[in-house]
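The values are calculated or read from the model by the stated rules, or taken from the named source; none is laboratory data. If you're wondering where the values come from, they're calculated on a predicted model, not measured in any experiment. Please note: Cβ atoms are built from the backbone with ideal geometry, for glycine as well, and neighbour counts cover all protein chains shown.
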Amino acid sequence: MWNYLLVALLPLVGLYFTVRLRGVQVRRFPQMLRVLVRGGNTDPSGISPLQALCTSLASRIGTGNLVGVAIALGAGGAGAIFWMWMVAAVGMATAYAESSLAQLYKIRDREGQYRGGPALYMARGLRAPWLGVLFSVLLVVAFGLVFSAVQANSISGAMATAFAIDPRVSAVGLMLLSGAIIFGGLRSVARVAVNVIPLMAGAYLLVALAVIAMNLDLVLPTLALIVRSAFGLEQAAGGVLGGLAAALLNGVKRGLFSNEAGMGSAPNIAAAATPVPHHPASQGLVQAFGVFVDTLVVCTATALMILLSGVPVGGAIDGIALTQAAMATHLGAAGPVFIAVALFFFALTSILGNYAYAESSVAFLRGGRTGMWLLRAGCVAMVGWGAVAQVALVWDVADAAMGLMALTNLVAVMLLSSVVAKLTRDYDRQLHAGIAPWLDAADYPELAGAIDAGIWTPAAVSPRPEVTRG
């Protein structure tokens, strides 16, 4: 699945949307920032765009950024980072497409909260409820259970290295802490994410900038090494094709795990937001920006800190131990401690973000209150298991679940690509006319019965959208 299918399919789908939407991730990049700055929330049914972004970043920014980057470097060399960049650059268009669809097809649940995601656009957009059920089951297994174990595994490993804390002690502590937040539901998760993620990500990037400044003369040669290695040129003695294949495969795999573009996870939280302006494409842009922050900013920071350290990649140490060893060369004894603390917060918020995705799927499966409580209990239990499990087993199960989810979602997004194209043209037209875009269900008669007209009508926008710059 990974070696022959997804390694080609993921970049190609991203490239397809990049071309069809005329590079929406580039030409609308300033708009991504505007919708976040202007975003507020007075709609009791939804969360704010900033909360949606921080919750999705809570899931994205985690072990993939600290552990996944190190694993990619160890298995694929420096060139794997280049392919992480490429899959993120085109993946921004895929993230835009899937989150715009999630917004368009969202509904209000019995408690009045917005719910949506791939399961709903499969059921309503493709008229294939069975596919939505399949995707929801995969997502609950992958994000509600397995990925939470991955995050806990990384936390316990880092704590053991930095503070000699027994993994069993970490397991108990993580179960208590994550359970206290998860049992508060989606809004509790969103509140924690919006407070923790900007602070921790900002601190991590400040340290990365300090390390880069201390090694400024080596930055350009290191970037050149990444590009050369991406095409097997640095590993020519061992075979150009072999070096290229290793870099490409590991870069794409770890890139997807980190930024989740095309996987169908972030759309679940994107659908819970009230977009500002009131158009599905607004939230699509917000989630595309999330991919940019995750991979092109945070993953790059980790990769540079490792490569600038001089610690050999592909050697005896791997994963979080490699990241900690690299930071020890930059910051001394404080380096591994800093990485352990950063990983603790990143991975903990990832557990919370993963739960938020799974909650939407349980709602689609009509699990009710019983289903929600079982999900919460299962998520906390997997956190405890992951903290003491073997690393290889946890990551292999995660890769399998992630791949199956991505395949199912990519098929659906491609089949609905004409809807994404129409949404984008509509958004562009209104921006060019100098008004804040908003969607009127009457302009989409072909979607009658598939989208909630009560959400997408002029009356749903109060007050009337203000004039904006195109």
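Observations
- Residues within the range 192-224 that are surrounded by 14 or more Cβ atoms within 10 Å (Cβ to Cβ) and either of a type outside the set (A, V, I, L, M, F, W, C) or not in a helix (DSSP H, G or I) (or both), tallied: 4
- Unmet criterion (only one of (1) under 21 Å from the mean Cα position of the chain (by Cα); (2) at pLDDT below 85) for residue 270: (2)
- Here 72, 97, 93 are screened, and the one residue that is at pLDDT below 85 and closer than 28 Å to residue 414 by Cβ is 72.
- If the condition is being of a type in the set (Ser, Thr, Tyr) and closer than 26 Å to residue 146 by Cα, then the range 51-108 contributes 55, 56, 59, 63, 94, 96, 99.
- Set 319, 290: member being small (Gly, Ala, Ser), on the phi < 0 side of the Ramachandran plot and within 23 Å of the chain's Cα centre (by Cα): 290
- For the range 57-92, taking the residues that are outside any helix (DSSP H, G or I) and not hydrophobic (A, V, I, L, M, F, W, C), the one that is surrounded by the most Cβ atoms within 10 Å (Cβ to Cβ) is identified as 62.
- Taken together, 107, 165 contain a single residue that is touching a Leu at 6+ places or on another chain (Cβ under 9 Å), β-branched (Val, Ile, Thr) and modelled with pLDDT of 80 or more, which is 107.
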